[in-house]
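Here's the structure we're looking at; comments come further down.
The values are calculated or read from the model by the stated rules, or taken from the named source; none is laboratory data. The structure displayed is predicted, hence computed values, not measured ones. Here the Cβ positions follow ideal geometry from the backbone for every residue, glycine too, while neighbour counts run over all protein chains shown.
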Amino acid sequence: MFTEPVIEINNLRTEFGSAIIHDKLALKIQRSEILALIGDSGAGKSTLLREIILLEKPVAGSIKVFGQEVLNLNHKQSLWLRRHCGMMFQHGALFSSLTVAENIAVPLREHTQLSQRFIQEIVAFKIALVGLPNNTGDKYPSQLSGGMIKRVAVARALALDPDILFLDEPTAGLDPIGAGAFDELVISLKESLGLTIVIVTHDLDLLWKVTDRVAVLSDKCVYRVAPIRELITLDHAWLQRYFQGPRGRAVINQN
């Protein structure tokens, strides 16, 4: 189904002081797939996302995006990467002093020479794209629900029309209805924009509903990458705890 890798990671090693987070980690992510990263707390899932977009740097290894080695890029060259990759951070990371429209416009003002009128048009389109009402642009983050904050964060991540979208715990803290609506948003964005989407999540419903493949981080590397229906059959201690607990069994029985 997927033949063209857009992200290739090899021999990645990440250290924080004396703690080794990744060691000889390897992963390929294919064009237009939705891939989730799962693993125990501290496995380095969010760290891996941040390393791909150069917010953090590993001590060794290779990360290629569209065939381009990104770990050697200087600051000016890294702007190319920012244009191709959009990131929704776990808690939104919106600027509290800016309106929704101003938050979404930040990447456009930083990385383009577009006119104010054109930026406003793009912002309005992105707000509609993520399923928010037209008047949301005038509100401040403090006036929004948790689900709306996440959608605004996605709209900002999509401001520059990236090819790859990273979502860090996108449904954390949402009620079941809000989480389900966000699942539908992810599917619609992939289908309408042809995005490659990489998700860090613990949400079992999201894994079943939206992912093409799931990468399991364990013992500092990627243990397995496979569709979720294959993962639930593996004899791996953490996966068994994850899928065979009461919540895991309930979701499996529904699917």
### Query
Which pairs do you get when a residue that is farther than 19 Å from M148 by Cα, found in segment 110-130, comes within reach of a residue that is of a type in the set (K, R), reach meaning Cβ atoms under 9 angstrom, with the pair 6+ apart or on two chains?
E110/R82; H111/R82; H111/R83; I119/R109
### Task
Test K190 against the stated conditions and say whether it is more than 27 Å from E110 (Cβ to Cβ), modelled with pLDDT under 95 and not aliphatic (A, V, I, L, M).
no
### Summary
Going through segment 11-26 in order, the residues found to be over 11 Å from D219 (Cβ atoms) and in contact (Cβ under 8 Å) with a residue 12 or more places away in the chain are N11, L12, R13, T14, E15, I21, A26
### Task
List the number of the failed condition for A153; all other conditions in (1) in a loop (DSSP other than H, G, I, E, B); (2) among the aliphatic types (A, V, I, L, M); (3) within 21 Å of the chain's Cα centre (by Cα) hold.
(1)
### Query
Hey, among the residues in segment 106-150 that are of a type in the set (S, T, N, Q) and within 29 Å of K76 (Cβ to Cβ), which one's nearest to the chain's Cα centre (by Cα)?
T112
### Task
Could you check how many residues of segment 91-120 are in contact with a helix residue (DSSP H, G or I) (Cβ under 6 Å, 6 or more places away or on another chain) and not in a loop (DSSP other than H, G, I, E, B)?
7
## Note on the structure
In segment 44-68, anything out of contact with any Lys or Arg (no Cβ under 8 Å at 6 or more places or on another chain) and closer than 20 Å to D23 by Cβ is listed as K45, S46, T47, L48, L49, R50, I52, K57, S62, I63, K64
### Query
Which ones in segment 173-231 are part of a loop (DSSP other than H, G, I, E, B), free of Cβ contacts under 8 Å to residues at least 40 places away in the same chain, buried (at least 17 other Cβ atoms within 10 Å of the Cβ) and of a type outside the set (D, E, K, R)?
L174
### Task
Please enumerate the residues belonging to segment 73-90 that are assigned to a loop (DSSP other than H, G, I, E, B) and in contact (Cβ under 8 Å) with a residue 24 or more places away in the chain.
F89, Q90
### Task
Select, from G44, G39, G86, the only residue that is of a type in the set (G, A, S), crowded, with 21+ Cβ neighbours inside 10 Å and closer than 30 Å to N135 by Cβ.
G86
### segment 96-117: number of residues that are within 14 Å of A155 (Cβ to Cβ) and out of contact with any Ser or Thr (no Cβ under 6 Å at 6 or more places or on another chain)
10
### Message
So the check is Cβ under 8 Å with 6+ separation or different chains; which pairs have a first residue in segment 46-62 that's among the hydroxyl-bearing types (S, T, Y) and a second one that's surrounded by fewer than 18 Cβ atoms within 10 Å (Cβ to Cβ)?
### Response
S46/Q90; T47/E56; S62/E8; S62/N10; S62/N11; S62/E69; S62/L71
